[in-house]
Amino acid sequence: MQVTQILPRTATVPYLEHYPEQGGLSERVPLTKVPFVIGRSKTVDHTVYSNKVSKEHAAIVKIGQRYAVRDLGSTNGTFVNGRRTTEQFLSDGDIIHVAHKEFCFRYQPSTIMSHENVEQTQAATTGLPESIIRGTRLLREMISTEAIEIMYQPILDLENRKIIGYEALGRGNHPGLSKSPGVLLRLAEQCDLVVELSQLFRRLAVKYAENLPRDTKVFLNVHARELGNSSFFESLIEARRIAPEGHPIVIEIAESAVTDVSAMGKIKDALLDVNFEFAYDDFGAGQARLLELTDIPPDYLKLDMGLIQGIESAKPRQDLVHALLRVVGALGIQVIAEGIESEEVAQVCMQLGCHLGQGFLFGRPTLAP
């Protein structure tokens, strides 16, 4: 049974706001009863006609004086602000994602905000567009018009402080979307456009690298979802084709994405075929994958900034990094310490055996000159 209606401006009940798939003004679904069940069945409180939605997918419940969303064992999951959840308290402006359908939770007891204010408040609190459907359209516009800026952060030799390369970082330049690469990638994950967006970041980074000092390397990031996508290897060939002379390419693969030794071996072979080096990125951020590190050794190992920041006063962490570097050194791997913000930290990292450093001490990400 559908209960969509227009609420009076003095409404005191919370409501869900969403955009019809065919476009037009937003619709409001008042939560006049709890639990309020959303699903594919015609007997729930709000029906979403999609095979991706379970018959009883999720419910809005009241716990004490607060409202929460609860997943009802759905097949494809319930998400709040882009993160999958089984149960989570809701705040005004939170985004609930059920398959392809998006709802904005609103609870303003004395007033109903205008559509313009809803969008402004949501953008301020979550960094995401109000609708994933609209977000998909805006992302496609960003990708097709290449509305991206590429920033480069230097990587230096810790001993002589010579710049050996730059990590390329993408930033949004679309008026309807966040500039933050983290926000954009999370949105792209929800919209199933993360592979296209990551490849655009990389393609433009290679293109603009010709403006960097000659003989400096360019470190390019890869999203985990790309590794299982056939277009990843095609994108490597394209990057090789357009890479400027005098700028060796290093592909960064996050430690969390390295879960299969044999698959990683194939990726390394593909990188060698196009004369690219590779790095394990954010090492130490999760489970340190020592098996992959020793069996498929990278050219570079980037220590996560969580390991590095504050290391000058954390002796156990120093001992951990020192022990790791002894193993790594025997494999001929160059180690990069990320997140260096002070000279004291730089000195500790060098004493522990780190070869290279990256962080605000040496330079913030900037456009290529």
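The values are calculated or read from the model by the stated rules, or taken from the named source; none is laboratory data. This is a predicted model, so every value here is computed, not measured. In this analysis, Cβ positions are derived from the backbone assuming ideal geometry, glycine residues included, and neighbour counts consider all displayed protein chains. Side chains are part of the model used for accessible areas, which takes the heavy atoms of the whole protein and leaves out ligands, DNA and RNA. Shrake-Rupley method; radii C 1.70, N 1.55, O 1.52, S 1.80 Å.
Key figures for this structure:
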read-out	value
Cβ pairs under 7 Å, 6+ apart, first in the range 65-91 and among the basic types (Lys, Arg), second at pLDDT below 90 and in a loop (DSSP other than H, G, I, E, B)	Arg84/Gly77
Neighbours by Cβ (under 6 Å, 6+ apart or cross-chain): first from the range 329-356, within 16 Å of Gln153 (Cα to Cα); second β-branched (Val, Ile, Thr) and not in a helix (DSSP H, G or I)	Leu356/Ile155; Leu356/Ile336
From the options Val328, Val335, residue that is buried (at least 17 other Cβ atoms within 10 Å of the Cβ) and part of a helix (DSSP H, G or I)	Val328
Neighbours by Cβ (under 8 Å, 6+ apart or cross-chain): first from the range 135-157, assigned to a strand (DSSP E or B); second of a type in the set (Ser, Thr, Tyr)	Ile150/Tyr208; Met151/Thr366; Tyr152/Tyr166; Tyr152/Thr366; Gln153/Tyr166; Gln153/Thr366; Pro154/Tyr166; Ile155/Tyr166
The lone exception for Arg84 - which of (1) farther than 12 Å from Val37 by Cα; (2) more than 23 Å from the chain's Cα centre (by Cα); (3) not in a loop (DSSP other than H, G, I, E, B) it fails	(2)
Matching entry among Ser262, Ser198 (being modelled with pLDDT under 90 and either assigned to a helix (DSSP H, G or I) or open to solvent by less than 40 Å² (accessible area, probe 1.4 Å) (or both))	Ser262
Lone unmet requirement of (1) in a loop (DSSP other than H, G, I, E, B); (2) modelled with pLDDT of 90 or more; (3) of a type outside the set (Phe, Trp, Tyr) for Met350	(1)
Total residues in the range 241-259, condition at pLDDT 90 or above, surrounded by 15 or more Cβ atoms within 10 Å (Cβ to Cβ) and of a type in the set (D, E, K, R)	1
